[in-house]
Amino acid sequence: MKAAVLLTTVLVTSTVHAGDWPGWRGPNGNGIAPEGRFPTEWSEQEGVRWKVPLPSGSNSSPIVHGDRVFVTAAEDDGRFRGLYAYRRTDGKRLWRTGVEFTGKESTHRGNPYCSATPVTDGRVVCASFGSAGLVGVSVTGELLWKVNLGPLEHVFGNASSPILFDDLCVLWCGPGRRQFVLAVDVRTGEERWRFDVPGGKPDYRQPSDCVGSWATPVLVEAEGRTQLVVPAPEQLVSLDPKTGERLWFARGPGKLAYASPVVWNDLVVLPSGFHGPMLGVRTNGRGDVTRTHVAWTRRDRQPQQIGSPVVVGDKLVRVTEGGVAEVLDPRTGLARDDGRDRVTGQTWGSLAVADGRFYVCSLKGEVVVFDEKLEIVSRNQLDDRIGSAPAFSDGDVFVRGFENLYCISDESD
């Protein structure tokens, strides 16, 4: 199988440099940090360069550009949705910019408002605030534009993060009765294209009735073209990110999607939520590829998975919601001999890799570091709830909890 496909986040011509963590899952959208050494051991008392309180809880991850760290949060029970900038050297808050929202929007108590991770090209920071809209803010804190998305109603809220492609900011808008992919001009907020997807029930009486996607799309380079791969309920869709034209789609995923897809060679691998199937789809098809390009499907009862997995070499590594790490073969979706082991407690955060080690955060504030053999390198307890993934930049690890933002560094003292 030829290694012809690379996962990539194609950013606008910008001032982003190699040490930045500019958006969801890092510079390449795959959870893998740039080369460098990063801390593996810390606690509330040791290894923390700075810690600052946040306005409210959120499952969004921090992003880093140059000397600034950006996070999203809500205030006043969601009536203010904000983007916050902190100085990376000492955690001083530089500015706060956002929008007022007087409407009603449902969400889950474990998934507060503003749980989408922002993204930046070094000039504009884009942030999704759900029903309060999509915004573009300058890196100095000026609100440049706001796009009204309309009501995004679901009992569990929303969380998909915006990504950048060329001069576009692209966002999966859902879940709920209205679901669509939207691309706007990153400089002006002007709509460039929109792709509608059939919606689902915003509420449910039985778990089997629940429909929705909270996953963030990924950009894939395949056979000389860039594809935007979107995990929608009950289908995986590939779009042309320049125009929104549908390139191919595959039926087979479950009704729920939490994790982003990952790429191995010419396969996109997508885990469904709530024990739904996992499947691998080849990316060189056209139209309905359900019968022709679905390389494999695992229909056995899969463990619940909310965080996104990573691919390292020929291994797909995931951590289930129950805190169990598993190593799978991306060619088949089957378990490898590397096995499985419980590494932490309940976790919603996505897996990340830095300097060959895996980092995952638990809801009880534990950040666990383990190696490819699933052997624990360290357990690092913080006094917080963590539903996000860490960010890595120039030797520092940034962790966003419900109450605090942490900068962890080997040079903390």
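The values are calculated or read from the model by the stated rules, or taken from the named source; none is laboratory data. Note that the coordinates shown come from a computational prediction; the quantities given were computed from them, not determined experimentally. Reconstructed Cβ throughout: ideal geometry from the backbone, glycine too, with neighbour counts over all protein chains shown.
Restricting attention to the range 198-250, the residues that are closer than 18 Å to G157 by Cα and not in a loop (DSSP other than H, G, I, E, B) total 8. Of the residues making up the range 150-197, those that are among the aromatic types (F, W, Y), within 20 Å of T72 (Cβ to Cβ) and either in contact with a helix residue (DSSP H, G or I) (Cβ under 7 Å, 6 or more places away or on another chain) or modelled with pLDDT of 95 or more (or both) number 1. Against the conditions (1) modelled with pLDDT under 95; (2) buried (at least 19 other Cβ atoms within 10 Å of the Cβ), T15 satisfies every one except (2). Scanning the range 348-378 for residues that are more than 17 Å from L316 (Cβ to Cβ), within 17 Å of the chain's Cα centre (by Cα) and of a type in the set (S, T, Y) gives a single hit, S362.
Given the structure, is R87 without any contact (Cβ under 8 Å) to a residue 60 or more places away in the chain and among the basic types (K, R)?
Answer is yes for this residue.
Determine if the range 292-301 includes at least one residue that is assigned to a loop (DSSP other than H, G, I, E, B) and within 20 Å of the chain's Cα centre (by Cα). Please lay out each step first, then the result.
Just the residues of the range 292-301 that are assigned to a loop (DSSP other than H, G, I, E, B), to begin with: 292-293, 299-301.
After this cut, where a residue has to be within 20 Å of the chain's Cα centre (by Cα) as well, the list is none.
There is no residue in the range 292-301 that is assigned to a loop (DSSP other than H, G, I, E, B) and within 20 Å of the chain's Cα centre (by Cα).
Looking at this structure, is P253 without any contact (Cβ under 8 Å) to a residue 40 or more places away in the chain, crowded, with 24+ Cβ neighbours inside 10 Å and not in a strand (DSSP E or B)? Yes: the conditions hold for P253. When we screen V268, V230, V262 for residues that are surrounded by 21 or more Cβ atoms within 10 Å (Cβ to Cβ) and either within 18 Å of F180 (Cβ to Cβ) or touching a His at 6+ places or on another chain (Cβ under 6 Å) (or both), the only hit is V230.
Looking across the range 374-412, the residues that are of a type outside the set (D, E), more than 17 Å from G349 (Cα to Cα) and in contact (Cβ under 8 Å) with a residue 40 or more places away in the chain come down to L374, V377, S378, S393, G395, C407, I408, S409, S412. Considered as a group, the residues in the range 36-82 that are surrounded by fewer than 16 Cβ atoms within 10 Å (Cβ to Cβ) and of a type in the set (S, T, N, Q) include one that is nearest to D383 (Cα to Cα), and that residue is S43.
A count restricted to the range 357-371 and to residues that are in contact with a Phe, Trp or Tyr (Cβ under 8 Å, 6 or more places away or on another chain), assigned to a loop (DSSP other than H, G, I, E, B) and surrounded by fewer than 18 Cβ atoms within 10 Å (Cβ to Cβ) stands at 1. Got a sec? Which of G280, G345, G323 is surrounded by fewer than 16 Cβ atoms within 10 Å (Cβ to Cβ) and without any contact (Cβ under 8 Å) to a residue 60 or more places away in the chain? From the options G280, G345, G323, the qualifying one is G345.
Restricting attention to the range 379-405 and to residues that are more than 19 Å from the chain's Cα centre (by Cα) and not in a loop (DSSP other than H, G, I, E, B), the residue that is farthest from P55 (Cα to Cα) turns out to be R379. The C-beta contact set for the range 287-314 (first residue touching a residue at least 60 places away in the same chain (Cβ under 8 Å), second residue hydroxyl-bearing (S, T, Y) and surrounded by fewer than 17 Cβ atoms within 10 Å (Cβ to Cβ), distance under 7 angstrom, 6+ apart or interchain) is empty. Residues of the range 130-179 that are without any contact (Cβ under 8 Å) to a residue 40 or more places away in the chain, more than 16 Å from S106 (Cα to Cα) and assigned to a loop (DSSP other than H, G, I, E, B): N148 alone. Of the residues examined, A74 is one that is more than 19 Å from F392 (Cα to Cα) and in contact with a strand residue (DSSP E or B) (Cβ under 9 Å, 6 or more places away or on another chain). Of the residues V211, V124, V137, V147, the single one that is β-branched (V, I, T), more than 20 Å from R81 (Cα to Cα) and either at pLDDT 95 or above or out of contact with any helix residue (DSSP H, G or I) (no Cβ under 8 Å at 6 or more places or on another chain) (or both) is V211.
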